[in-house]
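Read the structure below first, then the notes.
Just so it is clear, none of the values below were taken in a lab; they were calculated from the coordinates. Given the structure is predicted, the values throughout are model-derived calculations rather than measurements. When we count neighbours, we look across all protein chains shown, and the Cβ atoms used for this are built from the backbone with ideal geometry, even at glycine.
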Amino acid sequence: MPFLAILRYDLRTLSSSWLVRLWLVGSVLLTLFMVTVCWAQPQLRTAEFIGTLLFPYLVGPWFLVVVVLGADPVSAARTDALADGILSRPVTRSEYLLASWAARLVVVVGSYLLVMVPAVLSVALAQRRAPPDTVTTYGIIASLALVALVLTFLVSLAYLLGTLFRRPLLAIVVALFIWFPSNVILNVYSLDAFSTFSLNKSLPLLLRTPWRVADKPAEPEKGLGMEIFSNPIESLFGSAIPTAPPEPKGSFFDRDRDASFSLLRVSLGYGLSTLVCVGLTLFCFCNRDL
């Protein structure tokens, strides 16, 4: 089948790319660094620990690599090479676009899971000198899947822009101008269905969610004498042992004030946006001259 042939070809091309290799090595090194430094912070609970590890994928810097990988589907050079094959009909336009999109999706999500699954499991199952936490299996699976869905949307958005402009560099610049301001604005209004900043704050709440609502444990008592860091960067370089029990205060991961977080709403927000991006990409490429 042409779809499988293009998929295998793009997978081989992407796997041999130095960008993918360096991204994978950089992800491993950064994750090891964050795990090593955060491990020495006894006041950092498990849910916030895992949320810190997922921060580079949701907020930065790895979104830039994802955009670069997705922004080169039909550049001028690739279109010229494909014109003969598409016009002679051994492969359709939709088959090429979907196969190329799927290959990038497999590389991005596969690299993310390859790094984060062992790191998250090691943190969740380890015995640490930290306040008791109620991270659940459902919360871990849902959080990893939700971040994978956000990466899928990023690949699809970059793919759409690359198809529209046919110039990868221009598509990357436009994607950055869309992604950063929109996330900042949506974060101001706590619209976590679309803002990755707000979504990263909600991850500890999701990580503590059980399979059934009836199994939800009681809220931990206040005044545990342990500080939750104001943001993931501070959690890497904060003091190891607090000298005195600090007063409760708001934090980056404090989402108690916003009980409206809904996994279904967030999933639909990114899922429908992904489908719209893929649909617009197919419509744009299938209705213009090569």
Label-point separation, L268 to A40 (7 Å along Cα→Cβ), nm: 4.7 nm
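Go ahead and run the numbers for FRET between S16 and Q127, Cβ-Cβ distance against an R0 of 30 Å, rounding to 0.05.
The value I calculate is 0.15.
Full extension from V106 to L64: what is 0.36 nm times the residue separation minus their Cα-Cα distance, to one decimal in nm?
The span from V106 to L64 would gain 13.4 nm if fully extended.
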